[in-house]
Amino acid sequence: MKKLDIQFRGGDEGRKKRAYSWLQVLSLACCGLYLASCGQNTPKEEQGAAKNEAVIRQYVDAMNRGDENFLDEYLGNSYIYHGPDGDLDKEGFKKFHHMVLGAFSNYTMRIEDEFGKKDEVVTRWEFTGTHTGDFQGVAPTGNRIKFNGMIISKFENGRVVEEWEVVDRLGMMKQLGMLPPPEGTSE
């Protein structure tokens with residue numbers, strides 16, 4: 001990186017130091033303004049983000065009650081889900097959701113962290129349940145499992161229109177016995 005060297009007539013070192021000080025202040029102010037604009041919602045955006053976060057909590061409550069009908073209220077018509085197994089449209093996601101809830105009894109989804117920005121909400125969650133039904137070709141094991149994930153939900157008009165989810169699949173697969181034990185272990 002090149003050092004800025006300001007030339008002054010007459011070699012006035014005091015003026016040179018003051019110019020550097022002002023440049024530092026200006027640089028810090030610009031960085032601060034940029035970060036503030038990136039990280040803060042306007043009051044209207046803050047209200048929208050809070051409403052969207054409430055919708056996520058309503059979805060989790062409905063899921064914990066076993067109310068799959070809530071999906072029609074929750075998901076927009078053009079909904080797209082981007083998950084570990086690929087992309088699903090609204091109907092594909094509803095089938096996947098039904099399969100998951102049918103594979104695990106005594107399940108609970110818990111929000112561990114949640115925050116919103118404008119039209120998106122990020123949720124970190126934990127799922128626990130007992131594997132009592134077929135899950136992606138794995139026969140019921142009776143194992144009690146717990147795994148985590150994160151999802152970004154994009155909203156339009158109070159409904160989710162797109163989501164991106166990552167799941168601790170390795171942890172889930174280990175608990176379901178889908179993976180052989182590591183070499184040299186007696187598991």
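The values are calculated or read from the model by the stated rules, or taken from the named source; none is laboratory data. Small disclaimer: the values here were computed from a predicted structure and weren't measured. Cβ placement follows ideal geometry from the backbone for every residue including glycine, while neighbour counts extend to all protein chains displayed.
Quick notes on this one:
- The single condition from (1) surrounded by fewer than 17 Cβ atoms within 10 Å (Cβ to Cβ); (2) hydroxyl-bearing (Ser, Thr, Tyr); (3) closer than 21 Å to Pro140 by Cβ that Tyr107 fails is (1).
- Close pairs from segment 112-126: first assigned by TED's automatic domain parsing to the domain that holds Lys146 and surrounded by fewer than 15 Cβ atoms within 10 Å (Cβ to Cβ), partner among the β-branched types (Val, Ile, Thr) and in a strand (DSSP E or B), Cβ under 6 Å, at least 6 apart: Phe115/Val122
- For Arg144, the conditions (1) touching a residue at least 60 places away in the same chain (Cβ under 8 Å); (2) over 21 Å from Gln47 (Cβ atoms) all hold with the exception of (1).
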